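Since every read-out is calculated from the coordinates, none of them should be taken as a lab result. Please read these numbers as outputs of a predicted model, since none were measured by experiment.
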Amino acid sequence: MTEHQAVGVLSSVVLDCPDPERLAAFYQQLTGWEVVYRSETYVFLGAGPVKIGFQRVGGFRPASWPADGARAHLDFTVTELGPAVAALLAAGASRPEEQAGGEHWVTLLDPDGHPFCLVVQH
């Protein structure tokens with residue numbers, strides 16, 4: 001086995017959106033993380049070494065799930081799907097018809113159309 005020297009360390013995942021404050025508020029409900037940075041263009045949430053950022057992009061157009069496919073998505077571990085899905089739908093998420101996870105995970109779309117998955121904790 002060959003050892004590899006790390007070139008970098010993942011510090012954040014950034015989602016493009018039309019309104020960083022609004023999308024950060026949605027993910028704050030999901031994660032419980034606090035705002036660690038805020039500017040006119042960005043809002044970052046974090047509670048550890050990796051942050052989630054939201055970047056204002058003019059003319060933002062979300063992918064059409066699943067037609068355009070996911071360019072990338074986030075997975076969040078939950079203890080039970082039902083209550084988590086209900087809470088996030090009430091917070092502004094939507095549930096696309098096409099689902100592939102069966103009883104193990106659910107794909108939702110955040111208020112700006114980014115897909116993310118809720119995965120049952122093992």
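Once amide H atoms are built 1.01 Å from N in the peptide plane, which residues 5 or more positions from ASP16, or in another chain, come under 5 Å H to H? When sequence neighbours closer than 5 places are left aside, the close amide H contacts are GLN55.
Expressed in units of 2.2 N^0.38 Å, where N is the residue count, the Cα radius of gyration of the chain is 1.13.
For ASP75 and ALA47, compute 0.36 nm times the residue count separating them, minus their Cα-Cα distance, and round to one decimal in nm. If you can, show how the numbers build up before the last one.
Working: separation 28, 0.36 × 28 = 10.08 nm, distance 1.62 nm.
Once the chain is fully extended between ASP75 and ALA47, it gains 8.5 nm.
With Cα atoms defining each centre, region 29-66 and region 84-118 are spaced 17 Å apart in the structure. Karplus-based coupling profile of region 101-114, in residue order and whole Hz: x, x, 8, 9, 7, 10, 9, 10, 10, 6, x, 9, x, 6, with θ = phi - 60° in 6.51 cos²θ - 1.76 cosθ + 1.60 and x standing for Gly or Pro. The base-10 log of I(q)/I(0) for region 7-59, evaluated at q = 0.32 Å⁻¹, reads -1.30 [Debye formula, identical scatterers on Cα atoms, solvent excluded]. Cα-based values for region 78-122, radius of gyration first and Dmax second, are 9.8, 29 Å.
Estimated purely from DSSP H runs of n ≥ 4, each contributing -39500 (n - 2.57), the mean residue ellipticity at 222 nm for the chain is -5500 deg cm²/dmol once divided by its residues.
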